[in-house]
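The structure appears below as structure tokens.
The values are calculated or read from the model by the stated rules, or taken from the named source; none is laboratory data. Computed from a predicted model, the values in this text were never measured in an experiment. When we count neighbours, we look across all protein chains shown, and the Cβ atoms used for this are built from the backbone with ideal geometry, even at glycine.
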DNA sequence: AAGGTTAGGTGTACGCCGTACACCTGTCAA
DNA sequence: TTGACAGGTGTACGGCGTACACCTAACCTT
């Protein structure tokens, strides 16, 4: 009867429950402490039970990515492709900020999951509806890179690794040590300027959202200019000059 | 005496030898098969011997990154910041293409290594010498993101995981299956167009180098325009609108 | 030459990981 | 009633990073 009590206490497992629990665990404990064993424990179940619902850990990660990408808002219907894409991407960014482990997870998988394909397809559709040629839409998608999913891959982003650590501590007061500043004067100059306002070290003390929108608009403006000029591929699909 | 023979046969270990062996192993066998044990075996040594030269695996990875970044050419001295930066970045790209594991490794570390800081400092210096304000240089560096190091993070890049697999097989002939094409028509359309020329699936069948330069020039042109307009930060370091 | 310090390679062991495989049990269709 | 099967269990294996104690040869000092 103790067994029955246990069995009743917890809802039956399902692929969906497994994936959501995995996302929640990665969100709050960090992706590096998401193991099959930890996840099973979280669900009150023995590790091997998970394998009845996901075939292995890689597939678990793929599923988690799909859960996250599925949270991105549906496309807004706007006449203007530029604003439509911009808004969609900023919405994607909001989602990814809730799941700091997701960018790295997405980049380290090497095939697109269905949810990501659907998202990309939808964004391409917006470009095409805005009058982009297939080629231009293609190149533009490449140019956007991961930014299309709402994350710029900053070279170093501490928030990507641990779960809540980025949010609770406002910013470690670790201004760069003087001997570092001496060796890298231009980096120091930028860090110094950024520190006036907010915090300390490059990439942490500056306004992420502003930087993201700055780059996004830089790209969108450039793209708009190409499209208005009736851009045609200068050298279509030939191997470029090394 | 057998021991002596062994000891003589191999060069003595050193941090540098360890790092270079690690890079070579990752290059040819893929980053996922770089373990302390494999690396030690490659060097004809017991695993724990490595810890006399690197303090742990994370630090090993940092060292490997420094080795790779150290391979990037010195900056060209040109009057024109745009060409100088462009050439430097394309040089970085050449290097990173020899070490397909490096982009992911770089992104997953969360602090800058000395070699990377030196590289970034040098690039910032080029912008500053070209007349950029500190703020504009700062934002521009963010906008370039990892592209400054020569890799766009394509959403899915198969070459990043395995070692030589990307090079030997020209391209798996896996055109996307028809039911996928039906669900994602815009993706299919692009894949189809790209397949005319080279190969198959999105991100694999298209010309990486072209896409990279397309995005790079898009950014550089936009940056040039801002700089020529005497760009000043519209809202300096205030939290941007969500 | 003698003795102590130390840099660097060795061997063993621990706890974690993913997961193969055999097993049990409750549910439901025939 | 029976038998298939979906789904949770238990054990076990090989691989991982690495702590810790140990050995050994080179070198510096007296």
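Side notes on the structure shown:
- Of all residues in segment B:159-186 being within 12 Å of chain A (Cβ to nearest Cβ), under 26 Å from the mean Cα position of the chain (by Cα) and crowded, with 17+ Cβ neighbours inside 10 Å, the one that is modelled with the lowest pLDDT: B:166
- Residues of segment B:53-79 classified as at pLDDT 95 or above and more than 9 Å from DNA strand D (Cβ to nearest atom), total: 13
- Residue that is within 12 Å of DNA strand C (Cβ to nearest atom), more than 26 Å from residue B:110 (Cα to Cα) and modelled with pLDDT under 95, where the choices are A:12, A:47: A:12
- Failed item, numbered, when residue A:85 is tested on (1) buried (at least 21 other Cβ atoms within 10 Å of the Cβ); (2) within 12 Å of chain B (Cβ to nearest Cβ): (2)
- Filter result (closer than 15 Å to residue B:216 by Cβ and facing chain A (nearest Cβ under 7 Å)) within segment B:109-148: B:143, B:145, B:146
- When the residues of segment B:108-150 are filtered to those that are surrounded by fewer than 19 Cβ atoms within 10 Å (Cβ to Cβ) and under 23 Å from residue A:102 (Cα atoms), the one that is modelled with the lowest pLDDT is B:111.
- Contact annotation: residue pairs with Cβ atoms under 8 Å, 6 or more positions apart or on different chains, pairing a residue in segment A:39-64 that is at positive phi with a partner that is outside any helix (DSSP H, G or I), are A:44/A:10.
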